[in-house]
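These notes are about the structure you will find just below.
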Amino acid sequence: MTYEPAESSKLTAYLGHVVSPISPTTYVDYDQGALLVDEEGVIAAVGPWAQIKQSEILVERIVDFGKRLILPGFIDLHLHLPQFTQTGKSGQTLLGWLQANIFPAEAAFSDAAYAGRIASWFFDELARNGTTLGVVFPTIHAEATDIAFKTAAARGNRVVMGKVMMDFNAPENLSEDFNVSLQESEQLCKRWHGHDRDRLLYAFTPRFALTSSANLMRGTARLWSRFDGTYLQTHLAENKEEVDVARHQFPGARSYLDIYDGHGLVGKRALFAHSIYLDQRDFDVLSENGAAIAHCPSSNFFLKSGVFPFKRAMESRVRFGLASDIAGGPEMSMFKVMKDATYMQFELFISPRELFYLSTLAGAEALQLEDRIGSLAAGKEADFIVVDPTRKSGVVEHILSQPTDEILSAMIYMGDDRMIVSTYVRGVPIYETDETVFRENLAYTDSFSERESLCKQKG
Ligand SMILES: [Zn+2]
């Protein structure tokens with residue numbers, strides 16, 4: 001526990017079982033813990049409540065979650081807003097699935113009213129699933145993208161997002177002139193990048209090499225270098241057929257990644273979704289340049305794309321975290337994505353601790369945002385969720401009294417949105433259940449067990 005007095009700022013103490021990753025194998029663990037948040041939404045202190053209570057720190061308000069878990073919010077490194085209407089439509093591999101289901105769904109976003117309705121639904125569902133930061137692909141439409149930013153701005157979500165760019169080999173109603181694509185991207189970036197103290201950040205978003213001309217990629221690289229702190233996101237080596245098409249389209253490139261590298265699109269704050277079919281040199285290029293991977297296990301399972309070389313990515317020290325890839329992946333819940341990440345690896349057991357790290361702090365590291373979010377520590381912004389595994393059927397009643405590793409395991413293997421009690425971005429609730437409100441009004445008593453029994457009587 002550390003504490004920097006935030007002058008005259010009124011503090012809220014969120015009490016509960018605070019668990020937060022430090023590394024892939026370690027975490028802080030305060031079973032009667034407190035998370036103190038100031039009025040700016042910055043964490044003032046994290047530690048045992050008994051210790052904080054006896055210190056000089058003045059607490060204005062207490063929200064008591066008893067034995068429930070207080071965790072950093074999930075970071076979903078890759079998902080598609082317009083595809084939310086297509087979740088669960090199976091039966092094809094990537095390129096056929098794009099043509100049959102996805103491109104028609106994206107074309108519908110030329111209608112602004114429709115785009116607004118789906119955006120509201122999408123951002124509410126992210127909050128309901130405990131995802132505090134989503135790295136989002138909208139569509140090529142500037143108006144629909146602007147609406148998506150407005151919706152996230154109003155609802156309080158944290159996002160990295162940018163208009164999709166496609167100027168080659170795309171359906172006619174989703175194809176644009178590369179100059180128009182660059183101009184619209186620049187305008188959206190100027191309007192939204194850094195909004196609300198960097199809660200919204202811009203990502204230049206060429207869909208993938210298959211739908212990009214060399215001009216589009218070069219122009220994107222120039223734009224990306226002009227605006228500090230912006231991202232570059234695209235798809236890379238998801239499916240074998242896609243890799244063959246890319247190589248045929250750019251015969252001079254050494255590999256699929258080399259296409260992007262040759263056009264200036266590999267560097268810090270570049271995020272490549274999937275990255276299944278890479279060789280060692282590709283991994284070294286990513287690692288040396290500080291570029292990152294969004295690993296999408298559920299999507300790779302669903303579209304039968306292949307198995308991500310998890311061990312090689314770890315050994316190569318590439319920054320990577322987890323992503324749902326809605327609607328390539330059918331579930332927005334990061335609990336499901338964590339579970340699939342270990343299910344996908346037939347010869348590798350990924351521990352619950354490591355999965356927890358991959359869906360939180362590793363995502364922040366991939367985005368170069370680990371100084372601000374991804375774990376619960378003094379000075380970071382208070383993006384956190386309250387989780388109660390017993391809200392899900394089939395979970396043993398006394399799970400919250402078991403060792404923390406067992407709680408994490410039950411949460412990951414059995415979890416879904418029902419386990420989420422509330423979701424906060426920078427100290428502001430963006431999703432609450434009846435239980436949140438009840439807990440806030442609960443009379444404070446000294447012992448945790450007393451409060452738990454009081455909750456049982458009241459609830
Ligand atoms: Zn995708």
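Being closer than 17 Å to residue 235 by Cβ, part of a helix (DSSP H, G or I) and away from the ligand (no atom under 15 Å from the Cβ) holds for only one residue in 341, 313, and it is 313.
Looking for whichever is under 21 Å from the mean Cα position of the chain (by Cα), modelled with pLDDT of 95 or more and surrounded by fewer than 19 Cβ atoms within 10 Å (Cβ to Cβ) here; the options are 117, 128. Which one fits? Of the residues listed, the single one that is under 21 Å from the mean Cα position of the chain (by Cα), modelled with pLDDT of 95 or more and surrounded by fewer than 19 Cβ atoms within 10 Å (Cβ to Cβ) is 128.
Considering segment 58-102, the residues that are assigned to a loop (DSSP other than H, G, I, E, B) and under 14 Å from residue 330 (Cβ atoms) include one that is farthest from the ligand (Cβ to nearest atom), namely 91. With the structure loaded, tell me whether residue 357 is closer than 20 Å to residue 287 by Cα, away from the ligand (no atom under 16 Å from the Cβ) and aromatic (Phe, Trp, Tyr) or whether it fails that test. Here the answer is yes, as residue 357 does meet what is asked.
Screening the candidates 383, 388, 325, 340 for the property of being among the acidic types (Asp, Glu), in contact with a strand residue (DSSP E or B) (Cβ under 8 Å, 6 or more places away or on another chain), farther than 25 Å from residue 14 by Cβ and surrounded by 20 or more Cβ atoms within 10 Å (Cβ to Cβ) yields one hit, 325. Quick check: is even one residue across segment 390-399 more than 16 Å from the ligand (Cβ to nearest atom), without any contact (Cβ under 8 Å) to a residue 60 or more places away in the chain and at positive phi? The answer is yes, given that some residue of segment 390-399 is more than 16 Å from the ligand (Cβ to nearest atom), without any contact (Cβ under 8 Å) to a residue 60 or more places away in the chain and at positive phi.
Considering (1) over 22 Å from residue 83 (Cα atoms); (2) touching a residue at least 12 places away in the same chain (Cβ under 8 Å), the lone condition that residue 233 does not fulfil carries the number (1). Those residues that are at pLDDT 95 or above and part of a loop (DSSP other than H, G, I, E, B), I need them from segment 399-435; list them, please. Of everything in segment 399-435, those that are at pLDDT 95 or above and part of a loop (DSSP other than H, G, I, E, B) turn out to be 402, 403, 415, 416, 426, 427.
Restricted to segment 210-251, and to residues there that are aromatic (Phe, Trp, Tyr) and within 19 Å of residue 190 (Cβ to Cβ), the residue that is farthest from the ligand (Cβ to nearest atom) is 227. Just one of (1) closer than 22 Å to residue 242 by Cα; (2) free of Cβ contacts under 8 Å to residues at least 60 places away in the same chain; (3) of a type outside the set (S, T, N, Q) fails for residue 94. It is (2).
Selection of segment 258-305 for residues being away from the ligand (no atom under 16 Å from the Cβ), within 23 Å of the chain's Cα centre (by Cα) and not in a loop (DSSP other than H, G, I, E, B) yields 283, 286, 287, 289.
The values are calculated or read from the model by the stated rules, or taken from the named source; none is laboratory data. Not measured: the values here are computed from a predicted model. Positions of Cβ are generated from backbone atoms using ideal geometry, with glycine treated the same way; all protein chains shown enter the neighbour counts.
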